[in-house]
Each structure stands twice: as structure tokens, then as C-alpha cells.
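**Student:** Here's a structure for you.
The values are calculated or read from the model by the stated rules, or taken from the named source; none is laboratory data. Values in this document were obtained by computation on a predicted structure and should not be read as measured data. A quick note on method: Cβ atoms are made from the backbone with ideal geometry, for glycine too, and the neighbour counts reach across all protein chains shown. Areas reflect the complete protein model, heavy atoms only, side chains present, ligands, DNA and RNA absent. Shrake-Rupley method; radii C 1.70, N 1.55, O 1.52, S 1.80 Å.
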Amino acid sequence: MIWNFTKMHGAGNDFVVLDGVRQAIDMTPERARALADRHFGVGADQLLVVENPLHPEADFRYRVFNADGGEVEHCGNGARCFVRFVHDQGLSRRNPLRAEICTGLITLFESESGEVAVDMGSTRYDPAAVHFDTQGLQSHTKGQDTLWQLPLPDGSTPELSLVAISNPHAVQVVTDIETAPVAQTGPLIESNPRFAQRVNAGFMQVLDRHSIKLRVFERGAGETLACGTGACAATVAGIRQGLLDSPVLVHTRGGPLNIEWDGTALRMSGPAVSVFSGQIDIDALTHSFNSKDANHP
């Protein structure tokens with residue numbers, strides 16, 4: 001089975017994008033892992049599948065699969081690439097577009113400059129929204145936010161702000177983003193058993209009231225060069241804590257993202273770039289990938 005694909009990125013957060021409108025895409029965890037592998041496959045943080053909508057008010061449905069094969073709720077950088085892909089491939093000329101994700105509808109707009117803006121939908125802050133077990137944990141209020149202290153196996157106890165933007169985020173403020181223990185504590189937060197569906201772990205350094213630096217250890221992908229929903233979650237957390245004012249320029253390792261939030265409407269804008277297109281025999285790739293794992297347990 002031959003699949004046509006396009007490799008894209010938004011601020012370095014990279015994707016394999018698949019047209020499920022004009023070709024049949026039966027994505028499985030095994031196929032997703034094979035495609036996303038950077039040594040044996042195409043290589044990507046996530047896979048995006050564009051499909052015909054199920055919702056009557058949507059132009060398209062778009063699905064997101066992490067590099068570990070799991071399907072997730074949303075991806076802000078991926079949403080921008082989705083718009084560019086749909087326009088570049090001639091699937092639609094509509095602008096703005098309405099996209100169906102598994103938690104609802106989002107609106108996306110491509111400007112003449114080539115940047116893409118995404119209305120990210122609603123935000124939620126209660127622990128249940130990120131499937132977080134608070135039993136026995138200490139917390140305290142900072143501004144309008146609640147910070148939860150999470151003891152980790154390495155002896156640290158980060159204070160986490162919980163933000164759900166379709167997918168779950170736990171954001172902490174750090175003094176220096178370059179020395180923040182992203183590689184050490186990021187996995188401990190992401191896979192902590194108190195998060196029933198795991199979580200994206202954000203590390204935010206406040207530069208001034210309108211700019212931050214951000215690194216994110218993403219659920220099912222590890223640290224990425226940028227995380228769109230993570231940038232939104234960090235901005236919302238910073239504003240609720242009284243540290244930031246909208247708009248906020250978020251400096252990620254892959255480039256800047258612009259976030260606006262008025263307490264209700266949340267909008268992100270940034271680049272979306274096509275890198276190359278190709279074809280791949282998905283069954284041969286998956287078989288080869290699985291054989292590699294069998295030969296090297």
C-alpha cells in the first residue's frame with residue numbers, strides 16, 4: 001500500500017502529513033511508530049491525518065498521532081500545518097477553515113504573509129480536566145491560578161499549573177530555561193501515575209510581561225523544538241498568575257509563536273512550512289520496522 005505524504009514543520013515541531021481525503025489512510029499505532037522513527041522511517045514528532053469531516057459544520061477532520069503511536073486530542077503547531085497543507089494540496093480554498101478535532105471544532109486562518117492563526121478553543125484549569133489525582137497533595141493560590149506540588153522520584157517537588165487546551169498540560173516557572181531539568185524531570189511529570197492520561201510538561205522562563213522562553217517535554221514524543229498548545233498553556237498560566245499580559249511572544253527552540261488571550265478567546269499564530277513530499281510503502285516500512293524490533297529486543 002503506497003501512501004503519499006508531506007513532511008512539514010511549525011517552528012521546528014515536525015510532522016508527516018497524510019491526505020486521507022483522496023487516499024485511504026488506515027492509521028494504526030504500529031504504522032505511526034514506523035513512520036515517525038527518525039532512523040528507519042520518515043521521522044516526525046507527530047503524524048497528521050486530514051479526513052472528510054463527521055461534524056456538519058466542519059470543512060475537514062484532522063487527527064494527530066504521537067511518535068509513540070498514540071492518538072491525541074490536539075496539536076497547535078500541527079493545526080497550522082494542516083491549514084497550509086489543505087491550501088497547498090488544493091483540497092480547499094476556504095479561509096478561514098473550520099476543522100474538527102476529537103474535542104470539538106477549531107477555526108484557522110492563513111494570512112497573506114504566510115503565517116497561520118488558530119483559534120484554539122476553550123481552556124480549563126480544574127484537575128479533572130487533565131485527569132490529575134490531587135488526593136493528599138498540597139496546593140496554594142497564586143493570582144487566579146492554583147499551583148499543585150507534585151513530589152517526584154528524584155526528590156524534587158515542582159509546583160505545577162494545570163491547563164487543559166483539548167490536551168493536558170502541567171506548566172512550571174523556572175529561573176533559567178537553559179539549565180532547567182527538562183530531560184530529567186520532564187519524563188517524571190509526563191508519565192507520573194497521578195496523570196491518568198499522561199501530560200505535557202512545560203518549563204517557562206518569564207522574560208518580561210509580554211515574552212517568555214519555553215521548553216516542553218511532550219506526551220508520547222519527548223522534548224520537541226516547539227509545542228503550540230504548550231505555548232498557549234504557558235501563556236494562560238502566566239497571565240492567571242499575574243506574571244504576564246496579552247499578547248505574549250513565546251520563544252521556543254524552533255522559533256517564536258505569538259499568543260493572545262483575553263480570558264476567553266485564545267489565539268496562536270506562527271509559521272507553517274512544507275519541507276518535502278514523497279511516497280512510501282507503508283506495509284513494507286512497518287514490516288521492516290517491526291523486524292528491527294524483533295531482532296533487537
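**Student:** When only residues in region 90-103 that are in contact (Cβ under 8 Å) with a residue 12 or more places away in the chain and more than 18 Å from the chain's Cα centre (by Cα) count, which is nearest to GLY70 (Cα to Cα)? Spell out the reasoning first.
**Tutor:** Within region 90-103, the first condition is being in contact (Cβ under 8 Å) with a residue 12 or more places away in the chain, and the residues that meet it are 91-92, 94-103.
Still in the running and more than 18 Å from the chain's Cα centre (by Cα): 91-92, 94-98.
Values: LEU91: 26, SER92: 28, ARG94: 30, ASN95: 30, PRO96: 29, LEU97: 26, ARG98: 24 Å.
In this case the residue turns out to be ARG98.
**Student:** Read through the list (1) within 24 Å of PRO127 (Cβ to Cβ); (2) assigned to a loop (DSSP other than H, G, I, E, B), then give the number of the only condition that ASP176 fails.
**Tutor:** (1)
**Student:** What are the residue pairs meeting all of these: first residue in region 147-164, first residue within 12 Å of VAL199 (Cα to Cα), second residue open to solvent by 70 Å² or more (accessible area, probe 1.4 Å) and not in a loop (DSSP other than H, G, I, E, B), Cβ atoms under 7 Å, and 6 or more apart or on different chains?
**Tutor:** ALA164/ARG124
**Student:** Now for a separate question. Can you pull out the residues in region 178-225 that are among the polar types (S, T, N, Q), in contact (Cβ under 8 Å) with a residue 40 or more places away in the chain and touching a strand residue (DSSP E or B) at 6+ places or on another chain (Cβ under 7 Å)? Even if it seems obvious, please write down each step before you answer.
**Tutor:** Within region 178-225, the first condition is being among the polar types (S, T, N, Q), and the residues that meet it are 179, 184-185, 191-192, 197, 200, 205, 211, 224.
Now narrow it down to the ones that are in contact (Cβ under 8 Å) with a residue 40 or more places away in the chain: 192, 197, 211, 224.
Scanning region 178-225 gives GLN197, SER211, THR224.
**Student:** Taking interchain pairs and intrachain pairs at least six residues apart, which have beta carbon atoms under 7 angstrom, with the first residue in region 62-89 and among the charged types (D, E, K, R) and the second open to solvent by 30 Å² or more (accessible area, probe 1.4 Å) and assigned to a helix (DSSP H, G or I)?
**Tutor:** Partner pairs satisfying both residue conditions: ASP68/ARG33.
**Student:** Of all residues in region 63-110, how many are open to solvent by 20 Å² or more (accessible area, probe 1.4 Å) and at pLDDT below 90?
**Tutor:** Total satisfying the criteria: 4.
**Student:** So which of VAL174, VAL236 ends up being open to solvent by less than 10 Å² (accessible area, probe 1.4 Å) and of a type outside the set (Phe, Trp, Tyr)? Spell out how you get there, then give the answer.
**Tutor:** On the way: VAL174 fails: open to solvent by less than 10 Å² (accessible area, probe 1.4 Å).
When all the criteria are applied, what remains is VAL236.
**Student:** What number goes with the only condition from (1) out of contact with any Ser or Thr (no Cβ under 7 Å at 6 or more places or on another chain); (2) in contact (Cβ under 8 Å) with a residue 24 or more places away in the chain that VAL171 does not pass?
**Tutor:** Result: VAL171 fails condition (1) only.
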